[in-house]
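Here the structure comes first, spelled out in structure tokens, and everything after it is commentary.
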Amino acid sequence: LRPSIAPPDLVLWANRGGGKTFLGAVATVLDLVYKPGIDIRILAGSLEQAKRMFAHLRRFFEQPELAALLDGRITERRIALTNASNAEILAASQASVRGTRVQKLRCDEVDLFDPSIWEAAQFTTRSKQCGPVHVRGAVECLSTMHRPHGLMFQLVKDCTSGHRRLFKWGLVDVLERCGPEYTCR
């Protein structure tokens, strides 16, 4: 996308067990492969949550087609590709977040973030030309709404300002009628 039409920061609001962490890993794989030189950091409400997304990434890169793109071995917290792209998980701490300058900060279960860490995370992205693609620095949030009037509640409410784009889904969003090929009782 050209910088003038690049999407703003993203907020993805979905149900528990809705596949947010898995889809965050899919988006990370696509970014790593198709945007050479991109830097992505995964930040979650806890290091354990960040490791869940990283485990999905590890499984993707165990596939022979993707394994061929690796630059060295996958470490406990980092994946690097031969096209100079890399992804790394961050601990949910001030020290881990501050000083990071990446194109994408993927935040999983943001409703569990400490407010001071969320605040620090807002200053971590920068835009960059990644091969043929101009990547706008962006913070992407994936979460359920765990806490009444918590951080996710505020982010969803703030999406009306246009600074962030809201995506939401749940079971009702993907249901459809049974086709004639199924017997419905």
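General observations
- In the distance distribution for region 98-185, Cα-Cα pairs more than 16 Å apart total 66 percent.
- Peptides 154-160, 72-78, ordered by how many other C-beta atoms sit within 10 Å of their residues on average, highest first, read 154-160, 72-78.
- Relative contact order for the chain, counting Cα pairs under 8 Å that sit 6 or more residues apart, in percent: 31
- Once the Cα-Cα distance is subtracted from the 0.36 nm per residue extended length, the Ser46 to Tyr182 segment shows a gain of 44.6 nm.
- Centre separation in Å (Cα based) which lies between region 108-122 and region 40-60: 15
- Each stretch of four or more DSSP H residues adds -39500 (n - 2.57); spread over every residue of the chain, this sum gives -8000 deg cm²/dmol at 222 nm.
- Considering only the chain, percent of DSSP beta bridges that pair antiparallel, nearest 5: 20
- Around Glu140: net Lys/Arg minus Asp/Glu count, Cβ-Cβ under 9 Å: +1
- Take the Cα radius of gyration of region 62-115 and divide it by 2.2 N^0.38 Å, N being the number of residues; the result is 1.37.
- By the rule of a C-alpha distance below 18 Å, with chain neighbours fewer than 8 residues away ignored, the lysines paired with Lys51 are Lys20, Lys104.
- Dividing the Cα radius of gyration of region 1-148 by 2.2 N^0.38 Å, with N the residue count, gives 0.99.
Bear in mind that the values in this text are calculations on the coordinates, not laboratory data. What you see is a predicted model, and the numbers here were worked out from it, not measured in a lab. Backbone-built Cβ (ideal geometry, glycine too); neighbour counts: all protein chains shown.
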